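Student: Encoded as structure tokens, here's the structure I'll be asking about.
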Amino acid sequence: MKDIIDRIKTKYTISEVVEQRKNLSFVTVSKEQAISIITFLRDIEGFKHLVLLTAADWIENDKFQLTYLLNNPTEKIDLGVRVFISRENASMESAHHLWEQVATYQRELKEMFGIDFPDSPGVDKPFILEGWEDIPPYRRDFDTKQYSEDTYFPRPGRESNDPAEYMKKKLYPNE
Amino acid sequence: MNKKRFTINEDRSLFPEKNAEGKIDIDLSSHKYLKLWQGPQHPGITGNMSLELTVLGDEVMDCETHVGYLHRGFEKLMERRKYIQCFPIVCRVAVPEPDFNEYCFASAMEELAGIEVPEMAQWLRTLVLEMSRLQSYLMWIGGQSGAFGSGIIGQWSIYLRDLVLDRFEELTGGRVYHMYQLPGGVRGLLPDGFKQRMEETLLTIEKFMDDIDKVMFNNAVFKKRSVGMGYIDPSWVNKFGITGPNARAAGIPLDVRKDYPYLKYPELDFDVVVGKDSDIYTRADIRRKDLLLSVDLIRQIFAKMPEKGDIKAKTPNVLHWKVPKGETYSRAECTRGEYGYYMVSDGTEYPRRINVRGPSYTHAVALLEKMIINTNIADVAGLMVSLHTYPPEIER
């Protein structure tokens with residue numbers, strides 16, 4: 001794995017390398033170089049299989065983290081390519097030309113996080129949600145509890161508990 | 001057996017020509033085409049998603065997958081739950097295979113927290129995963145045969161699945177959802193006489209599989225409708241992210257149990273089942289052999305596992321457990337392919353982000369939409385089941 005990362009470093013800039021385990025590492029790269037690095041990994045380094053593409057919301061840093069998890073089926077190693085993009089007008093270059101399933105991932109990310117992928121086929125079409133008018137629901141600032149209280153009528157006579165408090169009372173009554 | 005690739009309507013002169021992108025220009029106002037919705041109320045096991053088909057005669061010209069009928073926002077819910085509170089959630093992501101979710105979630109958490117799972121717990125986890133595989137395949141047999149008109153086979157196989165669920169009930173207290181695996185290990189040892197009762201169940205299943213061989217795999221109708229149908233080209237495997245039996249039927253030996261050994265699989269003796277024709281029949285055959293492999297693996301596990309031992313590593317109080325900051329990906333081989341959990345921890349008591357990588361995400365959208373073109377509408381259900389998709393994984 002170290003050799004591969006060294007080879008990437010000769011061509012591109014990597015800001016952080018984390019070796020999670022022997023066959024899994026994460027590298028952080030810039031938004032501008034990401035698709036080029038992923039293409040290099042796919043075509044030259046044998047990372048032919050895209051395991052997943054997902055995002056995490058680091059609202060405190062005002063950033064979204066995009067993770068492209070690539071797998072090399074021959075060497076049996078995984079490399080996660082992480083890209084941090086701004087939450088404000090979040091947008092990323094599309095990778096739909098590299099793998100067929102990427103368009104679906106990008107469509108979901110647009111809907112759930114509001115990250116745009118210009119030119120990705122069908123990226124603006126609703127995927128899971130239909131008629132959604134609130135902020136994208138997987139963003140950290142979307143309040144699920146508030147949403148359900150506002151949207152669904154509370155049933156009379158229904159007792160509601162805070163799950164953490166309830167379990168604590170059950171399991172450790174004396175604490 | 002005639003291995004010729006299955007085609008319908010070989011005279012294409014009545015069909016419109018394809019444009020430069022390889023698609024046809026569909027003009028609904030020409031009254032040649034009909035929009036047909038398959039699902040979401042389809043009674044097969046692929047329910048809860050729908051296909052918007054555009055048909056010309058009885059041939060599918062265009063297809064768009066619609067999901068969202070089962071979205072419960074699991075990934076978001078988990079961000080608002082402590083790690084231990086996620087266990088009743090993860091098992092509900094894939095109804096017939098809850099244990100793979102539990103295992104992937106638990107192992108990702110253990111990796112981040114640096115917890116070593118005791119040997120006995122590893123054996124029990126391997127056992128539960130194989131039992132889960134067994135009952136999921138039994139459910140699939142019903143779906144596949146039912147889609148091609150043999151509804152009775154589904155009734156038999158669901159009965160046998162119930163026998164496996166009886167064993168699950170004995171071991172875990174739950175039939176469908178088990179919540180048996182916890183961070184650091186499992187909840188309990190095998191009950192008295194469990195091995196013997198499991199062996200009886202395995203013998204019943206083996207006998208049933210002999211019948212299945214006769215009534216399904218040697219059935220003229222099933223063969224005629226499945227041989228040469230639904231071809232997956234081996235070059236699509238990486239292009240579409242295909243894993244599991246769908247890739248193995250195309251001759252690509254992808255199996256997480258062998259490629260990325262986990263739990264006690266390195267100590268078990270088995271070969272990856274690989275096919276070559278890559279049609280519906282081959283995929284069904286791969287799954288049948290995989291089911292019988294699971295039976296064999298359960299016997300091997302019983303023969304090799306110790307009688308007693310620690311089943312849970314020492315962990316912090318689960319209600320105040322701060323999992324160290326970091327991220328990881330944990331995978332397992334489920335009946336449909338690679339199942340994985342991508343976990344990001346920010347060092348608090350709550351996960352920052354969990355992403356579930358279900359094999360259906362790639363199989364049921366991009367791949368299915370491609371494969372279904374030029375299929376007869378009567379074969380659509382059979383084709384869907386042959387990819388063995390579960391919609392809840394798409395819309396976690």
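The values are calculated or read from the model by the stated rules, or taken from the named source; none is laboratory data. Fair warning: this is a prediction, and the values are worked out from it, not measured in the lab. Don't worry about glycine lacking a Cβ; one is built from the backbone with ideal geometry, like all the others, and counts go over all protein chains shown.
Student: Assuming B:Y69 fulfils every condition listed in (1) buried (at least 19 other Cβ atoms within 10 Å of the Cβ); (2) assigned to a loop (DSSP other than H, G, I, E, B) apart from one, which condition is it?
Tutor: All conditions are met except number (1).
Student: Another one. When the residues of the range B:68-98 are narrowed to those that are closer than 30 Å to B:N376 by Cβ and out of contact with any strand residue (DSSP E or B) (no Cβ under 8 Å at 6 or more places or on another chain), which ends up nearest to the other protein chains (Cβ to nearest Cβ)? Break it down stepwise before answering.
Tutor: In the first step, residues of the range B:68-98 are kept if they are closer than 30 Å to B:N376 by Cβ; the result is B:68-70, B:94-96.
Applying the additional criterion that residues be out of contact with any strand residue (DSSP E or B) (no Cβ under 8 Å at 6 or more places or on another chain) yields B:68, B:70, B:95-96.
Values: B:G68: 4, B:L70: 9, B:V95: 18, B:P96: 21 Å.
Filtering the range B:68-98 for residues that are closer than 30 Å to B:N376 by Cβ and out of contact with any strand residue (DSSP E or B) (no Cβ under 8 Å at 6 or more places or on another chain), the one nearest to the other protein chains (Cβ to nearest Cβ) comes out as B:G68.
Student: Quick one: which strands (runs of 3 or more DSSP E) lie wholly within the range B:320-371 and hold at least 2 residues that are hydroxyl-bearing (S, T, Y), in contact (Cβ under 8 Å) with a residue 12 or more places away in the chain and more than 10 Å from chain A (Cβ to nearest Cβ)? Give the derivation first.
Tutor: Details: elements: B:326-334, B:337-345, B:351-357.
So the answer is B:337-345.
Student: Go through the range B:379-395 and count every residue that is acidic (D, E) and part of a helix (DSSP H, G or I). I'd like the intermediate steps shown before the answer.
Tutor: Looking only at the range B:379-395, we keep the residues that are acidic (D, E), and these are B:379, B:393, B:395.
Still in the running and part of a helix (DSSP H, G or I): B:379, B:393.
Qualifying residue count, the range B:379-395: 2.
Student: If I go through the range B:170-195 residue by residue, how many of them are over 18 Å from B:T126 (Cα atoms) and part of a helix (DSSP H, G or I)?
Tutor: Number satisfying all stated conditions: 0.
Student: Failed condition for B:N218, given (1) buried (at least 21 other Cβ atoms within 10 Å of the Cβ); (2) polar (S, T, N, Q); (3) more than 22 Å from B:R357 (Cα to Cα), with all others met?
Tutor: Every condition holds for B:N218 apart from (1).
Student: Looking at the range A:150-158, can you tell me whether even one residue there is more than 13 Å from chain B (Cβ to nearest Cβ), of a type in the set (K, R) and without any contact (Cβ under 8 Å) to a residue 40 or more places away in the chain?
Tutor: We begin by selecting, within the range A:150-158, every residue more than 13 Å from chain B (Cβ to nearest Cβ); these are A:150, A:152-158.
Next, from what is left, pick out any that are of a type in the set (K, R): A:155, A:158.
Among the residues that remain, those that are also without any contact (Cβ under 8 Å) to a residue 40 or more places away in the chain are: A:155, A:158.
Yes, that holds for at least one residue.
Student: Report yes if B:G230 is touching a strand residue (DSSP E or B) at 6+ places or on another chain (Cβ under 7 Å) and either of a type in the set (D, E, K, R) or at positive phi (or both), otherwise no. First the steps, then the outcome.
Tutor: On the way: touching a strand residue (DSSP E or B) at 6+ places or on another chain (Cβ under 7 Å): no; either of a type in the set (D, E, K, R) or at positive phi (or both): yes.
Considered against the rule, which asks whether it is touching a strand residue (DSSP E or B) at 6+ places or on another chain (Cβ under 7 Å) and either of a type in the set (D, E, K, R) or at positive phi (or both), B:G230 comes out as no.
Student: Only one of (1) modelled with pLDDT under 90; (2) over 30 Å from B:S226 (Cβ atoms) fails for B:K276. Which number is that?
Tutor: All conditions pass for B:K276, except number (2).
Student: Output the residue which, of all residues in the range B:305-319 that are in a loop (DSSP other than H, G, I, E, B) and β-branched (V, I, T), is surrounded by the fewest Cβ atoms within 10 Å (Cβ to Cβ). Spell out the reasoning first.
Tutor: Let us first name the residues in the range B:305-319 that are in a loop (DSSP other than H, G, I, E, B), namely B:305-311, B:313-317.
Within this subset, residues satisfying the condition of being β-branched (V, I, T) are B:311, B:315.
On the way: B:I311: 21, B:T315: 16.
By that ranking, first place goes to B:T315.
Student: If you don't mind, another one. Would you check if A:P173 is modelled with pLDDT under 85 and more than 10 Å from chain B (Cβ to nearest Cβ)?
Tutor: No.
Student: Looking at the range A:16-43, which of its residues are part of a helix (DSSP H, G or I), within 13 Å of chain B (Cβ to nearest Cβ) and surrounded by fewer than 17 Cβ atoms within 10 Å (Cβ to Cβ)? Outline the logic, then answer.
Tutor: Taking the range A:16-43 and keeping what is part of a helix (DSSP H, G or I), we get A:34-43.
After this cut, where a residue has to be within 13 Å of chain B (Cβ to nearest Cβ) as well, the list is A:41-43.
Hit for the range A:16-43 is A:D43, nothing else.
Student: What do you reckon, is B:I232 in a loop (DSSP other than H, G, I, E, B) and either more than 17 Å from B:Y103 (Cα to Cα) or among the basic types (K, R) (or both)? Let's see the steps before the verdict.
Tutor: Values: in a loop (DSSP other than H, G, I, E, B): yes; either more than 17 Å from B:Y103 (Cα to Cα) or among the basic types (K, R) (or both): yes.
The answer is yes for B:I232.
Student: Check every one of the helices (runs of 4 or more DSSP H) wholly within the range B:240-304 and list those with 2 or more residues that are basic (K, R) and in contact (Cβ under 8 Å) with a residue 12 or more places away in the chain. Can you show your working first?
Tutor: Working: elements: B:245-248, B:256-259, B:280-304.
The helices (runs of 4 or more DSSP H) meeting that bar are B:256-259, B:280-304.
Student: I would also like to ask the following. Restricting attention to the range B:226-274, which residues are among the aliphatic types (A, V, I, L, M) and more than 12 Å from chain A (Cβ to nearest Cβ)? So that I can check it myself, show each step before the final result.
Tutor: Here is the first cut: in the range B:226-274, the residues among the aliphatic types (A, V, I, L, M) are B:227, B:229, B:232, B:237, B:242, B:247, B:249-250, B:252, B:254, B:256, B:263, B:268, B:272-274.
Those that are among the aliphatic types (A, V, I, L, M) and more than 12 Å from chain A (Cβ to nearest Cβ): B:V227, B:M229, B:I232, B:A249, B:A250, B:L263, B:L268, B:V272, B:V273, B:V274.
Student: If you check B:E10, B:E59, B:E17, which single one turns out to be at pLDDT below 70 and either surrounded by 15 or more Cβ atoms within 10 Å (Cβ to Cβ) or over 29 Å from B:Q155 (Cα atoms) (or both)? Give the derivation first.
Tutor: On the way: B:E59 fails: at pLDDT below 70; B:E17 fails: at pLDDT below 70.
Residue meeting the stated conditions: B:E10.
Student: Restricting to the range A:1-47, give me the number of residues that are within 19 Å of A:S94 (Cβ to Cβ) and under 22 Å from the mean Cα position of the chain (by Cα).
Tutor: 15
Student: Take the range B:126-184 and flag every residue that is under 10 Å from B:D99 (Cβ atoms) and either more than 20 Å from the chain's Cα centre (by Cα) or surrounded by fewer than 19 Cβ atoms within 10 Å (Cβ to Cβ) (or both).
Tutor: Passing the criteria: B:T172, B:Y177, B:M179.
Student: Taking A:L50, is it under 20 Å from B:I354 (Cβ atoms), in a helix (DSSP H, G or I) and within 14 Å of the chain's Cα centre (by Cα)? Working first, answer last.
Tutor: On the way: under 20 Å from B:I354 (Cβ atoms): yes; in a helix (DSSP H, G or I): no; within 14 Å of the chain's Cα centre (by Cα): yes.
Considered against the rule, which asks whether it is under 20 Å from B:I354 (Cβ atoms), in a helix (DSSP H, G or I) and within 14 Å of the chain's Cα centre (by Cα), A:L50 comes out as no.
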